[in-house]
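Right, one structure below, let's go through it.
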Amino acid sequence: MSNTSENETLRALLELKSVQLELFTLTHRNLHAALSALQDQVRFLDPRLQDPRVVTCAHGQVHSQNNEDGIISEIFRRIGTKNRTFVEFGVGDGQQNNTRLLLELGWSGRWVEGDTQSASAIRDQFREQLKTGQLELIETMVTRENAKGLAHLDQHGDEPDLLSVDVDFLTSHVWRELSNIKPRLVCIEYNAHFPASVAHEVPYKPEQTWKGDTRFGASLKQLELIGTELGYVLVGCDLMGVNAFFVRADLASTEHFLQPFTSENHYQPPRFSLVHHRGHPSAPPMVAE
């Protein structure tokens, strides 16, 4: 490596550290600029992200938590939409999720949230959208048993354009049950603590809740395998290592997305500390049953 290249790499690393420090101290309102700077620096250091078919560094941060707004918008720019509808499992109080921006852009769909306080906040803050029918709220915990019914949009047909799943502990089990719908794009939380080549998911226990540690959901490789079964391919992850994006296989051309569509190629490590906290504590030993 030439001295010039070494100097450029060192400068990029120093700038990356500065951006990391800035991100750790920022509120959500100021995240957009800092995330953009982080993307630029990581792209410089990771040649894979310089390919225009990669969606990881698509800019856009309005109401999502980890730049999902930009990635979702970019993917739909490439694959188009059918009916501009969505279903999102696990939306919190509606202030920060993956479909609020779409709602404001005129899309319609369903939010499913099991937390009573969050559901109450949605009814208060989004009363107009609920009244007109643009938005439907179902207050319930999502399980393997009720997932199919919750994801089926009777008034819009069987296939929303976007399905977003973030139910912490049971995410992979819920997605596996949704063979009855074929959305164009699926955004699903993965457990980035596991290496890209490891297929792992927590056992199905609908009564169990996430403890805030490293034991939750499924690894990216496990979701890749589930996606293959359902007819989807992995086209990317957000830079923070939180959400993975799967496009229906018939829409995922090699012109628009980078192959191979594997976890090893598209995995992003956990960078939670850059925005939210210093990471999840290790889970206690699993008790044999």
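The values are calculated or read from the model by the stated rules, or taken from the named source; none is laboratory data. From a predicted model like this one, the values you see are computed outputs, not experimental measurements. Backbone-built Cβ (ideal geometry, glycine too); neighbour counts: all protein chains shown.
In a helix (DSSP H, G or I), within 30 Å of Glu139 (Cα to Cα), at pLDDT 65 or above and in the same structural domain as Ala147 (by TED's automatic domain parsing): is that true of Asp93 in this structure?
no
Can you tell me which residue in the range 30-54 is surrounded by the most Cβ atoms within 10 Å (Cβ to Cβ), limited to those that are at pLDDT 80 or above and over 20 Å from Phe272 (Cβ atoms)?
The residue in question is Val54.
What residue, of Asp238, Asp161, Asp166, is out of contact with any Ser or Thr (no Cβ under 6 Å at 6 or more places or on another chain), surrounded by fewer than 24 Cβ atoms within 10 Å (Cβ to Cβ), among the acidic types (Asp, Glu) and closer than 21 Å to Asn66 by Cα?
None of the others qualify; the one that does is Asp166.
For Ser118, indicate whether it is small (Gly, Ala, Ser), modelled with pLDDT of 90 or more, within 17 Å of Asn98 (Cβ to Cβ) and not in a strand (DSSP E or B).
In short, yes.
If you take the residues of the range 121-142 that are part of a strand (DSSP E or B) and in contact with a helix residue (DSSP H, G or I) (Cβ under 7 Å, 6 or more places away or on another chain), which of them is farthest from Gly217 (Cα to Cα)?
Looking at residues that are part of a strand (DSSP E or B) and in contact with a helix residue (DSSP H, G or I) (Cβ under 7 Å, 6 or more places away or on another chain), I get Leu135.
Collect the residues in the range 209-234 that are surrounded by 14 or more Cβ atoms within 10 Å (Cβ to Cβ), assigned to a loop (DSSP other than H, G, I, E, B) and not hydrophobic (A, V, I, L, M, F, W, C), keeping them in residue-number order.
Result: Lys211, Thr214, Arg215, Gly217, Ser219.
Kindly check whether there is at least one residue in the range 180-189 that is assigned by TED's automatic domain parsing to the domain that holds Gly241, surrounded by 22 or more Cβ atoms within 10 Å (Cβ to Cβ), under 20 Å from the mean Cα position of the chain (by Cα) and part of a helix (DSSP H, G or I).
no
Given the structure, is Ile138 surrounded by fewer than 20 Cβ atoms within 10 Å (Cβ to Cβ), among the β-branched types (Val, Ile, Thr) and under 24 Å from Ser108 (Cβ atoms)?
yes
Please go through the range 107-135 and give me each residue that is among the small types (Gly, Ala, Ser), farther than 16 Å from Asp93 by Cβ and surrounded by fewer than 17 Cβ atoms within 10 Å (Cβ to Cβ), ordered by number.
Of everything in the range 107-135, just one residue is among the small types (Gly, Ala, Ser), farther than 16 Å from Asp93 by Cβ and surrounded by fewer than 17 Cβ atoms within 10 Å (Cβ to Cβ), namely Gly133.
Surrounded by fewer than 21 Cβ atoms within 10 Å (Cβ to Cβ), in contact with an Asp or Glu (Cβ under 8 Å, 6 or more places away or on another chain) and of a type in the set (Ser, Thr, Tyr): does that describe Ser172?
no
I need the full set of residues from the range 236-269 which are of a type in the set (A, V, I, L, M) and out of contact with any Phe, Trp or Tyr (no Cβ under 8 Å at 6 or more places or on another chain), in order please.
If the condition is that a residue be of a type in the set (A, V, I, L, M) and out of contact with any Phe, Trp or Tyr (no Cβ under 8 Å at 6 or more places or on another chain), then Leu239, Leu251, Leu258 are the ones that fit.
Regarding the range 144-153, can at least one residue be identified that is surrounded by fewer than 15 Cβ atoms within 10 Å (Cβ to Cβ), acidic (Asp, Glu) and outside any helix (DSSP H, G or I)?
yes
Quick check: anything in the range 62-75 more than 17 Å from Asn243 (Cα to Cα) and either in contact (Cβ under 8 Å) with a residue 40 or more places away in the chain or part of a loop (DSSP other than H, G, I, E, B) (or both)?
no
Can you tell me which residue is farthest from Ser73 (Cα to Cα) among those in the range 96-115 that are of a type outside the set (Val, Ile, Thr) and part of a strand (DSSP E or B)?
Ranking the candidates gives Glu113 first.
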